[in-house]
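Here the structure comes first, spelled out in structure tokens, and everything after it is commentary.
The values are calculated or read from the model by the stated rules, or taken from the named source; none is laboratory data. Everything numeric in this text was worked out from a predicted model, so none of it was measured. When we count neighbours, we look across all protein chains shown, and the Cβ atoms used for this are built from the backbone with ideal geometry, even at glycine.
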Amino acid sequence: MDDLNFPNPVTAAKDFFDRELELDTIQRTLASSTRRPVVIFGERVIGKTSTLNILIERLKASPSHVIVQLPHSYSRDDFAAEILQGICEAVDPSLRQTSFVNENGCLKIATVSEFMQVMEEQIAKRPGVSFVLCLDEFDSLLARCDPDAANQILDLTLHLIERTTLPLRFVFTMTQMTAQILHSYASPFVNGATIVPLAPWSSAQSRQFVEWLIGTRFVIEEEAHRLLFGMAAGQPYFTKAILRELIEPRREQAQSVRVTAAQLQDAIAASVNSSEMKFTLANIWHAHFSKPEQDLMIRLAASPNGLTASELQAHAIECPKVPQRLMERGYIEKDKHDRYTWRLGILGQWLIENSFATPAQ
């Protein structure tokens with residue numbers, strides 16, 4: 001493939017690999033008579049946005065679905081205005097502004113009852129279709145609101161899901177369950193949503209992904225494949241980041257290229273120091289790990305031979321569930337010698353490169 005589409009999310013089916021089971025699950029849920037929201041759930045840069053993009057592409061081809069892509073809004077009124085505006089424009093594309101939304105995009109409807117009445121009137125203009133409301137990184141939206149606004153947005157969302165018979169379906173992507181969601185009464189996000197987890201690919205799936213990406217001109221040796229999987233952990237973003245550094249310097253070579261482990265190691269080092277990876281890994285590190293999780297991973301990065309179970313627990317004594325949580329999230333794993341090591345090796349290397357940890361001699 002000439003273009004690895006890195007670091008952007010995938011927007012076209014021709015650039016999208018696998019996730020067919022996940023997409024089928026979502027489409028079955030949307031086609032059912034239940035009113036369950038769909039949550040595409042997974043770690044940062046695991047492919048949630050890409051999966052949502054491909055879902056939207058597929059649904060747009062169906063006459064029974066109308067897609068409304070919602071931007072982030074940080075108050076209930078703005079959120080409601082975006083929903084109403086999106087539905088109105090889907091009903092009549094020439095409607096750039098409704099009489100219920102002022103020139104600043106603010107909703108001019110005072111109550112939820114009035115909002116619902118207007119929604120019903122607009123939706124009735126498109127009988128027989130289901131309006132699919134798609135929102136990327138819903139947890140991030142809630143986290144960036146003040147607590148009262150976050151609760152009001154969630155309350156409105158739950159009202160539309162649970163208290164109405166309107167043909168509305170919600171599809172969200174999320175990295176974590178926020179406090180508002182976990183503490184909401186009978187939250188469908190906890191009890192009733194269709195959770196579609198995106199897990200890292202296995203070693204075999206990762207190999208298929210790599211070969212699909214690079215075609216026949218690059219032949220990756222077995223040891224290099226193992227090294228690539230150990231560093232990228234079957235995650236598409238990190239796999240592409242490393243492959244880019246491998247492919248770009250050799251793009252003009254006419255003959256086929258055999259990739260050794262040494263060449264791949266050079267590509268890994270270059271990728272860790274790329275601007276995109278520095279930004280992404282810093283964001284993941286600072287925004288998506290608790291202090292106990294960070295402390296344990298710094299200790300692991302300083303231990304090139306891994307940690308025993310007792311060593312691991314000694315560093316997680318105040319938060320004993322941290323090791324299991326990091327394993328479930330795909331960052332560490334237990335090897336064949338019963339030692340805990342990195343699953344996402346590139347994060348450990350980044351910690352060393354940025355002086356968070358110094359490997360033991």
>> Among the residues that make up segment 51-69, is at least one of them more than 29 Å from Lys125 (Cα to Cα), in contact with a strand residue (DSSP E or B) (Cβ under 6 Å, 6 or more places away or on another chain) and not assigned by TED's automatic domain parsing to the domain that holds Glu328?
In response: yes
> Among (1) surrounded by 20 or more Cβ atoms within 10 Å (Cβ to Cβ); (2) touching a Ser or Thr at 6+ places or on another chain (Cβ under 9 Å), which single condition is Glu57 missing?
Replying inline: (1)
> If we scan segment 23-39, do we find a residue that is part of a strand (DSSP E or B) and under 15 Å from the mean Cα position of the chain (by Cα)?
Replying inline: yes
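State all residues of segment 215-267 that are of a type outside the set (D, E, K, R) and assigned to a loop (DSSP other than H, G, I, E, B); if no residue qualifies, say none. Lay out the reasoning, then the answer.
First, the residues of segment 215-267 that are of a type outside the set (D, E, K, R): 215-216, 218-220, 224-225, 227-239, 241-243, 246-247, 249, 253-257, 259-265, 267.
Of everything in segment 215-267, those that are of a type outside the set (D, E, K, R) and assigned to a loop (DSSP other than H, G, I, E, B) turn out to be Gly215, Thr216, Ala233, Gly234, Gln235, Gln253, Ala254, Gln255, Ser256, Thr260.
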> within 25 Å of the chain's Cα centre (by Cα) and within 16 Å of Arg343 (Cβ to Cβ): does that describe Ile242?
Replying inline: yes
> If Thr308 passes every condition in (1) out of contact with any Pro (no Cβ under 9 Å at 6 or more places or on another chain); (2) more than 19 Å from Leu344 (Cα to Cα) but one, which one does it miss?
Replying inline: (2)
>> So Glu328 passes all but one of these: (1) charged (D, E, K, R); (2) buried (at least 20 other Cβ atoms within 10 Å of the Cβ); (3) within 22 Å of Met174 (Cβ to Cβ). Which condition number does it fail?
In response: (2)
> Among the residues of segment 1-21, which ones are modelled with pLDDT of 90 or more, assigned to a loop (DSSP other than H, G, I, E, B) and hydrophobic (A, V, I, L, M, F, W, C)?
Replying inline: Phe6, Val10, Ala12, Phe16, Phe17
>> Looking at (1) in contact (Cβ under 8 Å) with a residue 60 or more places away in the chain; (2) surrounded by fewer than 21 Cβ atoms within 10 Å (Cβ to Cβ); (3) more than 18 Å from Tyr74 (Cα to Cα); (4) more than 16 Å from the chain's Cα centre (by Cα), which one does Arg144 not meet, given that it meets all the others?
In response: (3)
